[in-house]
1. Do any strands (runs of 3 or more DSSP E) lying entirely in region 73-115 carry at least 3 residues that are polar (S, T, N, Q) and either surrounded by fewer than 19 Cβ atoms within 10 Å (Cβ to Cβ) or out of contact with any strand residue (DSSP E or B) (no Cβ under 7 Å at 6 or more places or on another chain) (or both), and which ones are they?
2. Counting just the residues of region 1-13 that are in contact with a strand residue (DSSP E or B) (Cβ under 6 Å, 6 or more places away or on another chain) and among the polar types (S, T, N, Q), which one comes out farthest from Thr102 (Cα to Cα)?
3. Return the residue satisfying two criteria in turn: it lies in region 28-60 and is closer than 26 Å to Ala74 by Cβ and in contact (Cβ under 8 Å) with a residue 60 or more places away in the chain, and of such residues it is nearest to the chain's Cα centre (by Cα).
4. Just give me the residues in region 14-27 being under 12 Å from the mean Cα position of the chain (by Cα) and farther than 22 Å from Lys101 by Cα, in sequence order.
5. Of the residues Arg45, Arg19, Arg38, which is open to solvent by less than 60 Å² (accessible area, probe 1.4 Å) and among the basic types (Lys, Arg)?
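The values are calculated or read from the model by the stated rules, or taken from the named source; none is laboratory data. Predicted model only: the values in this text are computed from it and were never measured. When we count neighbours, we look across all protein chains shown, and the Cβ atoms used for this are built from the backbone with ideal geometry, even at glycine. Surface accessibility is based on the protein's heavy atoms, side chains included, excluding ligands, DNA and RNA. Shrake-Rupley method; radii C 1.70, N 1.55, O 1.52, S 1.80 Å.
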Amino acid sequence: QVQVVESGGGLVQTGGSLRLSCEASIMVFRFDTLAWYRQAPGKQRELVASVTTYGAAVYADSVKGRFTISRDSAKNTVYLMMNSLKPEDSAVYYCNKEPGKTVSWGQGTQVTVSS
């Protein structure tokens with residue numbers, strides 16, 4: 001059963017912007033803190049940002065000030081607005097619940113930042 005579907009990735013130059021979207025099932029979305037993660041080749045998956053049901057957000061130090069996470073309850077969707085992108089942001093981006101409560105992972109969406 002598909003629970004999350006990520007989209008919005010692509011190829012962008014350094015300094016560019018992308019907005020990722022994640023449509024989640026109601027069972028995933030409604031009552032939990034949601035998060036974006038990323039995994040670069042040869043590296044472990046890491047937490048990028050999370051947002052509570054009340055909209056309170058927390059960010060990894062590496063993206064603070066550049067990325068903004070938000071959620072739209074009416075659309076069961078969580079977003080990640082990424083500005084001032086750097087080559088080191090290149091990875092497959094995934095959404096899910098917060099760490100420790102994750103459900104089945106989606107396919108992710110590839111973000112590639114060229115230098």
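1. Numbers: elements: 77-82, 91-97, 109-114.
The qualifying strands (runs of 3 or more DSSP E) are 109-114.
2. Ranking the qualifying residues of region 1-13, first place goes to Gln13.
3. So the first thing to find is which residues in region 28-60 are closer than 26 Å to Ala74 by Cβ, and the list is 28-37, 47-59.
Filter once more, keeping what is in contact (Cβ under 8 Å) with a residue 60 or more places away in the chain: 28, 32-35.
Values: Val28: 15, Asp32: 15, Thr33: 12, Leu34: 9, Ala35: 6 Å.
Result: Ala35.
4. Residues satisfying the conditions are Leu18, Arg19.
5. Numbers: Arg45 fails: open to solvent by less than 60 Å² (accessible area, probe 1.4 Å); Arg19 fails: open to solvent by less than 60 Å² (accessible area, probe 1.4 Å).
None of the other options fit; the residue is Arg38.
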